[in-house]
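Each remark here refers to the structure printed beneath this line.
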């Protein structure tokens, strides 16, 4: 074709050297125009016509097969294929340029084919991700593995085309550098293997609530990819952890609770052991006024009235083996109380039990499942139940155990100080302080038995104006002090 064009240009009077360039340029322009027209026709036929057919189709995969994004990729390959086929016509038979252009066309076709398959798998992922049967599969991780594989294949093919070598020869050479590749793609390889384990064992899927101790993860899984697991915590923060962390250490998946019939409540209140005692008839009569316990107490009294409830030591001594206690009646009340709550799932475990007594009292544990699993409502139900439990404890003559606080210790110290302080006598009046005792004369001491007058005006006084005191002497007649009146 170039020969005919060259002869035609020379006949027109153009120099042979210039005619060679002109005929090649003209043929190249014609090839480019044909390729452009072929691309436009292909886009019109594939995108416009097939898109209309896709709208009329009623099956799910029509959106994937007739996707405009995929059809454009196919239409973009047709002009390059035409250039690859027609480019030898623009050059002489032994020219090197056609081979270079054809190599570039092949590289372009390889890239477009890889982009086509990449878009195809993306659309397939979007369709499968909306199906319930595939929601528990790490599809995004699989998609990323496919994308990495496509990129590796594309790189090997492109390099082999540029070097003029077969792709298998390059793969054989890459085997020697496998250790370096494994080191570079270590996280990707570990993540891919961990993703397969998580999927095969149904350990994790998007939407699950998980808790990973020591990593601060406590929230909902958003997505599982090849290298990361993205989790949204309940404080709306986003955390990412590698998948192999979930397979190499323990984590807690709460999805089983969400799929079950209830959410567990397991909380205890400590009872002061010093408040536990046997029930007196007055206490039992008072407990019978509680509607939940009336029938239960009557049943227990009938059981305790039987012969098996007493042990005869001899004819005169009989021991009661079973007696009601206030903590036992309280435990029975709590059991009946939670069984009568509408929010408690009766099909699951529901009980009230004693735990091992400790220095902090006797833990009374309530164990049941709430049929309402939504977090805020669940916490409200749990709080309402224990509000009632703590308020009703004094009705059974029990006390909640509580360690002393600083205020308790201060009040105790004030009470001890008040008990140790002696009582003060009433203060004497000034006039009483100025009264003095009369001195006892030797004659009176000899036994006269008379008492002198109260005070002499000439009695000496102290500097303060009070009469001077004289030592008292006992009176033989009366046996009392001289100051006795």
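The values are calculated or read from the model by the stated rules, or taken from the named source; none is laboratory data. Because the structure is a prediction, the values reported are computed rather than measured. When we count neighbours, we look across all protein chains shown, and the Cβ atoms used for this are built from the backbone with ideal geometry, even at glycine.
Just one of 82, 97 is surrounded by fewer than 17 Cβ atoms within 10 Å (Cβ to Cβ) and over 26 Å from residue 151 (Cβ atoms); which is it?
Numbers: 82 fails: surrounded by fewer than 17 Cβ atoms within 10 Å (Cβ to Cβ).
Being surrounded by fewer than 17 Cβ atoms within 10 Å (Cβ to Cβ) and over 26 Å from residue 151 (Cβ atoms) holds for just one of 82, 97, which is 97.
In the set 171, 161, which member is more than 30 Å from residue 246 (Cβ to Cβ), at pLDDT below 75 and more than 45 Å from the chain's Cα centre (by Cα)?
That would be 171, the only listed residue that is more than 30 Å from residue 246 (Cβ to Cβ), at pLDDT below 75 and more than 45 Å from the chain's Cα centre (by Cα).
Name the residue, out of 191, 154, that is more than 18 Å from residue 125 (Cα to Cα), surrounded by 12 or more Cβ atoms within 10 Å (Cβ to Cβ) and over 40 Å from the mean Cα position of the chain (by Cα).
154
Evaluate region 17-26: report whether one residue or more is under 19 Å from residue 86 (Cβ atoms), in the same structural domain as residue 70 (by TED's automatic domain parsing), modelled with pLDDT of 75 or more and touching a helix residue (DSSP H, G or I) at 6+ places or on another chain (Cβ under 9 Å).
Within region 17-26, one or more residues are under 19 Å from residue 86 (Cβ atoms), in the same structural domain as residue 70 (by TED's automatic domain parsing), modelled with pLDDT of 75 or more and touching a helix residue (DSSP H, G or I) at 6+ places or on another chain (Cβ under 9 Å).
May I ask you to say which residue of 65, 47 is buried (at least 16 other Cβ atoms within 10 Å of the Cβ), modelled with pLDDT under 75 and under 55 Å from the mean Cα position of the chain (by Cα)?
When all the criteria are applied, what remains is 47.
What is the one condition in (1) surrounded by 10 or more Cβ atoms within 10 Å (Cβ to Cβ); (2) modelled with pLDDT of 80 or more that residue 320 does not satisfy?
Unmet condition: (2).
Let me spell it out: the conditions are (1) farther than 20 Å from residue 131 by Cα; (2) in contact (Cβ under 8 Å) with a residue 24 or more places away in the chain, and residue 202 meets all of them except one. Which number is the exception?
The one condition residue 202 does not meet is (1).
Please find, among 382, 356, the residue that is closer than 30 Å to residue 324 by Cβ, in a helix (DSSP H, G or I), in the same structural domain as residue 268 (by TED's automatic domain parsing) and at pLDDT below 95.
382
Are any residues in region 278-308 surrounded by 13 or more Cβ atoms within 10 Å (Cβ to Cβ) and outside any helix (DSSP H, G or I), and if so, which ones?
Correct list: 279, 288, 290.
Taking region 209-254 as the search range and keeping residues that are part of a strand (DSSP E or B) and in contact (Cβ under 8 Å) with a residue 60 or more places away in the chain, which one is surrounded by the fewest Cβ atoms within 10 Å (Cβ to Cβ)?
First pass over region 209-254, keeping only residues part of a strand (DSSP E or B): 209-212, 217-224, 229-233, 238-241, 252-253.
Filter again for in contact (Cβ under 8 Å) with a residue 60 or more places away in the chain, leaving 223-224.
Details: 223: 16, 224: 26.
So the residue we want is 223.
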